[in-house]
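*Asks:* What follows is a single structure, and I will ask about it in a moment.
The values are calculated or read from the model by the stated rules, or taken from the named source; none is laboratory data. Please read all numbers here as calculations on a predicted model, not as lab measurements. Here the Cβ is made from the backbone with ideal geometry for all residues, glycine too, and neighbour counts use every protein chain on show.
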Amino acid sequence: MNFKSLRVYLEPTLRIAVETVDETILPDHEVLIEVHYSSLNYKDALSANGNKGVSKNYPHTPGIDVAGIVKDSKSDAWKPGDRVIVTGYDLGMNTYGGFSQYVRVPSDWIVSCPDSLELRDAMCYGTAGFTAALSVEKIVNNITPDAGEILVTGATGGVGTVAIAILSKLGYSVAAATGKATSAAFLQSIGAKTIVSREETNDQTGKALLRSRWAGVIDTVGGNILSTAIKTTQYLGHITCCGNVSSPEFSSSIYPFILKGVTLHGIDSVACPKEHRFKIWEYLSTDWAIPGLYQAVHEVTLDEVPEQLDLMIKGKHQGRTIVNLKNS
Ligand SMILES: NC(=O)c1ccc[n+]([C@@H]2O[C@H](COP(=O)([O-])OP(=O)(O)OC[C@H]3O[C@@H](n4cnc5c(N)ncnc54)[C@H](OP(=O)(O)O)[C@@H]3O)[C@@H](O)[C@H]2O)c1
């Protein structure tokens with residue numbers, strides 16, 4: 001069987017091409033999936049740029065998200081025709097990824113697509129939406145909507161936009177921090193109440209504590225913006241940390257923790273235990289569903305993926321982009 005895949009080459013120089021490949025190129029795992037949709041995530045942009053911290057071996061096919069139909073299975077857990085989702089684990093990192101019309105993955109990586117979600121809807125969330133939901137869960141479990149504003153950083157990004165939309169749906173008042181001066185209307189349309197410039201969330205005073213402003217923070221960028229979030233969170237506030245777009249390093253004194261009792265939660269979507277995965281997909285398909293997102297996403301074909309990944313690596317991408325593999 002032949003099908004189309006995006007291939008990234010590092011030799012002689014970085015090159016991305018959509019090619020027709022043979023099934024024998026896929027790794028020898030248990031379940032063959034016909035990919036209907038994938039989606040774009042920051043990690044894909046790193047992998048497509050030859051970042052060896054994400055993908056060690058090239059030529060390579062990135063794509064950390066898949067929604068599709070099982071075509072063949074050596075595992076009793078799955079049968080042809082099953083509607084499935086794969087996110088995280090090693091998909092698209094060092095395992096042949098979802099920017100391809102077929103993937104073959106270990107049985108354990110797969111979850112059933114909830115009945116109330118179309119495969120396309122599932123990829124409107126994708127890893128970014130799943131991570132947003134993991135972050136929102138920490139806020140919901142610890143902070144009530146009347147406690148004050150929740151700051152979301154990297155607001156126009158994939159994680160940021162889904163986090164804002166879910167928080168707003170759940171009745172939280174959301175402040176969106178963005179570096180894009182022209183995106184205020186977009187952020188308000190998905191539920192942000194206050195728009196904050198990136199500079200405002202990037203303290204340069206070096207002080208250990210600043211005026212308490214946020215009941216909670218969903219930080220998607222790391223670096224000094226995370227340091228600033230910790231200083232500006234109010235007494236007993238909660239902060240989630242999932243991303244490193246700004247920097248993987250951050251510094252903090254212990255004072256926000258011992259004088260204001262703030263809590264910093266790490267968020268990991270990659271190895272998230274299976275039971276927790278089911279729970280998060282259930283939330284996304286029921287109480288936390290944001291059907292408005294399904295119309296608002298940007299849908300592209302495989303040929304358009306390199307251009308979108310380039311925007312993403314330059315920090316110019318906005319919202320969620322899904323890849324239609326059936327029409328590619
Ligand atoms: N822990 C996990 O399991 C997990 C899962 C998914 C994603 N992530 C990480 O979460 C982060 C966000 O992912 P994503 O898919 O939302 O990425 P994305 O769509 O590329 O969005 C990132 C956003 O960050 C902001 N930004 C870009 N460059 C920046 C800079 N130099 N300084 C400060 N802000 C900057 C931009 O938003 P504005 O212009 O609006 O500020 C951008 O849209 C990434 O680091 C990703 O690797 C982690």
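*Asks:* Any idea which residue in the range 216-233 is farthest from Ala128 (Cα to Cα), counting only those that are outside any helix (DSSP H, G or I) and within 23 Å of the chain's Cα centre (by Cα)?
*Replies:* Gly216
*Asks:* Now a separate question. Surrounded by 13 or more Cβ atoms within 10 Å (Cβ to Cβ) and touching a Pro at 6+ places or on another chain (Cβ under 8 Å): does that describe Glu30?
*Replies:* yes
*Asks:* Might you let me know whether the range 19-26 holds any residue that is among the hydroxyl-bearing types (Ser, Thr, Tyr), buried (at least 22 other Cβ atoms within 10 Å of the Cβ) and assigned to a strand (DSSP E or B)?
*Replies:* Start the filter on the range 19-26 by keeping residues that are among the hydroxyl-bearing types (Ser, Thr, Tyr), which leaves 20, 24.
Narrowing further to those that are buried (at least 22 other Cβ atoms within 10 Å of the Cβ): none.
For the range 19-26, residues among the hydroxyl-bearing types (Ser, Thr, Tyr), buried (at least 22 other Cβ atoms within 10 Å of the Cβ) and assigned to a strand (DSSP E or B): absent.
*Asks:* Would you mind finding the one in Val152, Val196, Val159 that is closer than 19 Å to Lys279 by Cβ, within 13 Å of the ligand (Cβ to nearest atom) and hydrophobic (A, V, I, L, M, F, W, C)?
*Replies:* Answer to the selection: Val159.
*Asks:* Another question, then. Might you check whether a residue that is closer than 16 Å to Asn141 by Cβ, modelled with pLDDT of 95 or more and surrounded by 14 or more Cβ atoms within 10 Å (Cβ to Cβ) occurs anywhere in the range 244-261?
*Replies:* Scanning the range 244-261, I find no residue that is closer than 16 Å to Asn141 by Cβ, modelled with pLDDT of 95 or more and surrounded by 14 or more Cβ atoms within 10 Å (Cβ to Cβ), so the answer is no.
*Asks:* Could you say whether any residue in the range 307-327 is in a helix (DSSP H, G or I) and more than 13 Å from the ligand (Cβ to nearest atom)?
*Replies:* The initial filter retains those residues of the range 307-327 that are in a helix (DSSP H, G or I), namely 307-313.
Checking which are more than 13 Å from the ligand (Cβ to nearest atom) leaves us with 307.
Yes, there is a match, as at least one residue in the range 307-327 is in a helix (DSSP H, G or I) and more than 13 Å from the ligand (Cβ to nearest atom).
*Asks:* Out of all the residues in the range 175-193, which are more than 19 Å from the chain's Cα centre (by Cα) and more than 7 Å from the ligand (Cβ to nearest atom)?
*Replies:* Ala175, Ala181, Thr182, Ala184, Ala185, Gln188, Ser189, Lys193
*Asks:* Turning to a different aspect of this structure: Which residues, taken from the range 208-224, are surrounded by fewer than 24 Cβ atoms within 10 Å (Cβ to Cβ) and either basic (Lys, Arg) or near the ligand (Cβ under 10 Å from one of its atoms) (or both)?
*Replies:* Arg211, Arg213, Gly222, Gly223, Asn224
*Asks:* Here is a further query. I'd like the full set of residues that are within 16 Å of Leu91 (Cα to Cα) and either within 15 Å of the ligand (Cβ to nearest atom) or polar (S, T, N, Q) (or both), limited to the range 260-283. Break it down into steps so the answer makes sense when it comes.
*Replies:* Taking the range 260-283 first, the residues within 16 Å of Leu91 (Cα to Cα) are 268-274, 277.
Passing the criteria: Asp268, Ser269, Val270, Ala271, Cys272, Pro273, Arg277.
*Asks:* If you don't mind, there's one more thing I want to ask. Name the one entry in Val21, Val54, Val86 that is of a type outside the set (D, E, K, R) and away from the ligand (no atom under 15 Å from the Cβ).
*Replies:* Values: Val54 fails: away from the ligand (no atom under 15 Å from the Cβ); Val86 fails: away from the ligand (no atom under 15 Å from the Cβ).
Unique residue meeting the criteria: Val21.
*Asks:* Restricting the range 53-73 to residues that are of a type in the set (Gly, Ala, Ser) and surrounded by fewer than 24 Cβ atoms within 10 Å (Cβ to Cβ), which is nearest to Gly129 (Cα to Cα)? Before the answer, list the steps.
*Replies:* Keep residues of the range 53-73 that are of a type in the set (Gly, Ala, Ser), which gives 53, 55, 63, 67-68, 73.
In the following step, the residues that additionally are surrounded by fewer than 24 Cβ atoms within 10 Å (Cβ to Cβ) were identified as 53, 73.
Values: Gly53: 23, Ser73: 28 Å.
Here the answer is Gly53.
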